[in-house]
Amino acid sequence: MELTAREDIEAPQDRVFAMMADFDSIERQAMRRGLDVTRTGDGPGAGMAWDVTFRFRGKRREAAITLADYQPPERMVFDTVSGGLDMTLTLDVVALSPSRSRINVTTVMAARTLSARLLLQSMKLARGGMDKRFRKRVAELAGEMETRLRGAA
């Protein structure tokens, strides 16, 4: 299953990418939301990794996240394995002009177990709502980034 979104931001490409690659800040935000995050690899760069523990549908879950591709200021690719679910998150930053950028976010999910297949199937049945929520969340994040970048200028 694939979800995609794109948003334009009034900020230069390198500043947008730097904010997206601020892993310390992202880890702190995740912890504030109740996730246990442990960085296991050196970084920033390909090979950087995290072990994440969280609650989903009433159960404790674990995920291993690896930064598979790191090409500043254009692209980051994260591979995640959680139970029988594999997920790849691709973040691309494209310069539209010296002061304007576009972020493209793509998430691809694949199941390796029966329970993960059932989860993906239920997600596919609710695809319209999932697409809408995914795009809305990416738009909110882009708006927050733009506001923070304007404040830092």
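The values are calculated or read from the model by the stated rules, or taken from the named source; none is laboratory data. It should be emphasised that the depicted structure is a prediction, and the values quoted were computed from it without experimental measurement. As a convention, Cβ positions derive from the backbone with ideal geometry for all residues, glycine included, and neighbour counts pool all protein chains shown. All accessible areas refer to the heavy atoms of the entire protein, side chains included, with ligands and DNA or RNA removed. Shrake-Rupley method; radii C 1.70, N 1.55, O 1.52, S 1.80 Å.
Accessible area of L35 (1.4 Å probe, protein heavy atoms only, ligands and nucleic acids ignored): about 50 Å².
Normalising by the residue count of the chain, find the relative contact order in percent from Cα pairs under 8 Å and 6+ residues apart. Relative CO of the chain lands at 28 percent. The loop-placed GluC sites (Glu not before Pro) in the range 4-37, going by DSSP, that have at most 16 neighbouring Cβ atoms within 10 Å of their Cβ come out as E10. Over the range 39-102, the hull volume per residue, using the convex hull of the C-alpha atoms, is 106 Å³. Accessible area per residue for the chain, computed on protein heavy atoms with a 1.4 Å probe, is 59 Å². Restricting the range 64-137 to trypsin sites (Lys or Arg not before Pro) that sit in a DSSP loop and have at most 15 other Cβ atoms within 10 Å of their own Cβ leaves R112.
Radius of gyration over Kirkwood radius for the chain, both on Cα atoms: the Rg/Rh ratio is 0.97. Computed in the context of the full set of protein chains, the accessible area of the range 35-153 at 1.4 Å probe radius has 55% of its extent on carbon or sulfur.
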